[in-house]
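I have placed the structure first, in the form of structure tokens, so that the comments after it can refer back to it.
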Amino acid sequence: MENINAAQLDTDIQYRFAYLSKFLNFTQDDISVLNKIAPVVVPLVPTVVDAIYGNLFSFDITKSIFANNTVHFKGNTTTTPGSLDLTPERVTFLKDMLGTYLKKALSQSEWNKEFLDYLSHLGKIHANKAASGNVNISYIFMNATLGFAQHVLLNALLTSDLGLDEGTKIAAILAVNKFFWIQNDFFTMHYISN
């Protein structure tokens, strides 16, 4: 039986990732398969991003989050207080950020401290615990968004003709699933105090 330091799980992102990886059996093989499918999945990212934002914008409660939080956005915003109308420039900016994240997750070959800090920082930002300050998104919306993003990616792997052999497709589905559980944990750790 392996001994795990509970306090270190909360303070050391590499230690936390090592534990999660062992528990979920997320190995270098999973990272390699994500990298292997990246060339055929990355072209689908704009469609995946459109589906995610289409779903987010289909509910007033989630759309209002984007209308009210403009961290890192330097372009034009709406001038009507409380407006749910987002400028096309702002929507493009948001979609580009999500697309960059998905591409990075698929193509990152070395899950080093820098990359793990990036995944963790995404949780910090959305939980209003980063230096940016004014983003405070309830965990229910982050959890739902990650779940929906996972669904859309898995559906694409299952239903699109990507030219993947059956073994690669199965390995990819398992790797994507494990990745989203790890990412969800990296969000959860900033929302829930132990």
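Does THR78 satisfy the condition of being more than 30 Å from THR159 (Cα to Cα) and at pLDDT below 95?
Yes, satisfied.
Among the residues that make up segment 159-176, is at least one of them more than 23 Å from HIS190 (Cα to Cα), in contact with a helix residue (DSSP H, G or I) (Cβ under 9 Å, 6 or more places away or on another chain), open to solvent by 60 Å² or more (accessible area, probe 1.4 Å) and modelled with pLDDT of 90 or more?
Taking every residue of segment 159-176 in turn, at least one turns out to be more than 23 Å from HIS190 (Cα to Cα), in contact with a helix residue (DSSP H, G or I) (Cβ under 9 Å, 6 or more places away or on another chain), open to solvent by 60 Å² or more (accessible area, probe 1.4 Å) and modelled with pLDDT of 90 or more.
For LYS178, only one of the following conditions fails: (1) under 14 Å from the mean Cα position of the chain (by Cα); (2) farther than 24 Å from ARG16 by Cα. What is its number?
(2)
Under 8 Å between Cβ atoms, at least 6 apart or on separate chains: pull out the pairs that start in segment 169-194 with a residue that is closer than 16 Å to SER107 by Cα and end on any residue that is buried (at least 18 other Cβ atoms within 10 Å of the Cβ) and small (Gly, Ala, Ser).
Close Cβ pairs (under 8 Å, with a partner that is buried (at least 18 other Cβ atoms within 10 Å of the Cβ) and small (Gly, Ala, Ser)) amount to PHE179/ALA105; PHE180/ALA149; GLN183/ALA105.
The values are calculated or read from the model by the stated rules, or taken from the named source; none is laboratory data. Treat the numbers as computed from the prediction; the structure is a model and nothing was measured. Glycine also receives a Cβ, built like all others from the backbone with ideal geometry; neighbour counts cover every protein chain displayed. Protein only, heavy atoms only, side chains kept; ligands, DNA and RNA dropped before computing areas. Shrake-Rupley method; radii C 1.70, N 1.55, O 1.52, S 1.80 Å.
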